[in-house]
Amino acid sequence: MDLVFSVGILVLILGTPYSSAFGKGESNVKTSVFLSPKFELGPGSVSNKYDYDIDFPRGHIALKSFDAEVVDEAGKPVPLYETYLHHWVVARYYERKYMTTHTSNDGHRILEDSDFIMVRNSGTCQRNILPQYFGLGSETRRTATAVPDPYGIVVGDPAEIPEGHEEKWMVNIHAIDTRGVVDKMGCTECRCELYNVTKDEYGEPLRSDYKGGLHCCYDQTQCKLREGFEGPKRGLYLRYTVKWVDWNDLIVPVKIYILDVTDTFKISDDSRGMIPEHHCRIEYEVESCSTGQNYVNGCLDVKKTSLPMQKGGYVIYGVAHQHSGGTGSTLYGQDGRVICSSIPSYGNGNEVGNEADYIVGMSTCYPRPGSIKIIDGETITLESNYNNSRGHTGVMGLFYLLVAEQLPHQHFTLSSRSSFFMNINNVFD
Ligand SMILES: *[C@@H]1O[C@H](CO)[C@@H](O)[C@H](O)[C@H]1NC(C)=O
Ligand SMILES: *[C@@H]1O[C@H](CO)[C@@H](O)[C@H](O)[C@H]1NC(C)=O
């Protein structure tokens, strides 16, 4: 520990010659507030847009937090009962330099596939499912996202960016305007009958047993309004606040894992050998306990999946993502120990950030670094619970984990000793 402390002081002296930097390292933290491209919503309508090359801090940096909320054109925060934030997702990608982009009818840029390389998180879902670095939903205003020191999500490392490419960021924002709708909760749960939808976004007929979810509330769909209700269309933004520090070799990198309770993981044994196959469906349906066979649990729907973690490490941060009706989610180790439990908090008022019956925050885990370790190859179990005294469609059970493969003292001994001594030489020259 002594080593870590003195190294910290050293960097402050070397890296930040102004006096305000002394004391705590936090003064190195930079903050930027950005607005997403504008999206427009009228009563009952849905916007689900993908915007590329969004404003984001540039350079070789370590991200320390990412907070967001929906605001109107005057910059005023919008309550969830007017604009339900179904989800927002921010993802990292590499794009070939000097490429041309063209613009679609709705003003959104289209990129050719071959020029676009998604930089996935370390999570286990297949292909480009849940690839994001950050993402939350209605709980975004009251969910802590800070990455504690000396950890950070390291991005923009020039050594990692493929030749001829640059690193960029994209955002997907899915919001539902529920002003004047007949059933606010039904619209937020994307119940197909409220959207009068029988085909998905691509014109494919929906399964007859598909009652609700993302396939019924895609971009430009319309939830059922009360007879005669009229309201203005309005412009909205996701306002996001990013904190980061410039990269230095005292930062201990964390990996992001996003796990999905719908992942039907299996190992298929084919000619190529044992192939792990993940199939994350992102959302699922919770049947009401009065119709289902779930009454045994006292109207608690319990969904679980077990996933092998090829690589483990020390858990630095954890949080679940659930929708209304969620009662909490827990990640267990192979021996049954609790790795992290995350519980939703529901609003009980009218004001922004406390909207009654919406999930307005999720509790987070910040275990003392070193105290919770996932072993390489360990099979962990994700459990997501919902109150099914009534049924829910399109619910989610994600778990977001930040894992450090080394603790600070290990990190410095293994990777930074040479630069540490170089720094000492600089100081005493
Ligand atoms: C629902 O959709 C059908 C066909 O797409 C259409 O004929 C019908 O008018 C719609 N109903 C309402 C209430 O919008
Ligand atoms: C589920 O919600 C109902 C209605 O709000 C409540 O009465 C019941 O106690 C809840 N059950 C659980 C398991 O949380």
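The values are calculated or read from the model by the stated rules, or taken from the named source; none is laboratory data. No experiment lies behind these values; they were computed from the predicted model shown. Counting neighbours? That spans all protein chains shown, and the Cβs are built from the backbone with ideal geometry, glycine included.
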Within the stretch 298-312, take every residue that is within 14 Å of ligand 2 (Cβ to nearest atom) and assigned to a loop (DSSP other than H, G, I, E, B) and give me the one that is modelled with the highest pLDDT. Cys299
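Quick one: which of Gly347, Gly394 is within 16 Å of ligand 2 (Cβ to nearest atom), at pLDDT 95 or above, crowded, with 22+ Cβ neighbours inside 10 Å and under 30 Å from Glu189 (Cα atoms)?
Numbers: Gly394 fails: within 16 Å of ligand 2 (Cβ to nearest atom).
Only one candidate passes the filter, namely Gly347.
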Here is a list: Gly156, Gly152, Gly213, Gly203. Which entry is in contact with a helix residue (DSSP H, G or I) (Cβ under 9 Å, 6 or more places away or on another chain), of a type in the set (Gly, Ala, Ser), more than 16 Å from ligand 2 (Cβ to nearest atom) and over 21 Å from Glu82 (Cβ atoms)? Gly213
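Take the residues in the stretch 359-391 that are among the charged types (D, E, K, R) and modelled with pLDDT of 95 or more, then tell me which one is farthest from ligand 2 (Cβ to nearest atom).
Step by step, filter the stretch 359-391, then rank; the result is Asp376.
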Check Ile258 against each of (1) surrounded by 22 or more Cβ atoms within 10 Å (Cβ to Cβ); (2) within 16 Å of ligand 1 (Cβ to nearest atom) and name the one condition it does not meet. (2)
Filtering the stretch 276-297 down to residues that are surrounded by 18 or more Cβ atoms within 10 Å (Cβ to Cβ) and within 14 Å of ligand 2 (Cβ to nearest atom), which residue is modelled with the highest pLDDT? Val286
Return a yes/no flag: does the stretch 220-242 have any residue that is over 30 Å from Ala68 (Cα atoms) and hydroxyl-bearing (Ser, Thr, Tyr). no
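Here is a check on your reading of the model: is Gly203 of a type in the set (Gly, Ala, Ser) and in contact with a strand residue (DSSP E or B) (Cβ under 8 Å, 6 or more places away or on another chain)?
Values: of a type in the set (Gly, Ala, Ser): yes; in contact with a strand residue (DSSP E or B) (Cβ under 8 Å, 6 or more places away or on another chain): no.
Against the criterion (of a type in the set (Gly, Ala, Ser) and in contact with a strand residue (DSSP E or B) (Cβ under 8 Å, 6 or more places away or on another chain)), Gly203 does not qualify.
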All but one of (1) of a type in the set (A, V, I, L, M, F, W, C); (2) within 26 Å of Ala91 (Cβ to Cβ); (3) out of contact with any Leu (no Cβ under 8 Å at 6 or more places or on another chain) hold for Met185, so report the exception by its number. (2)
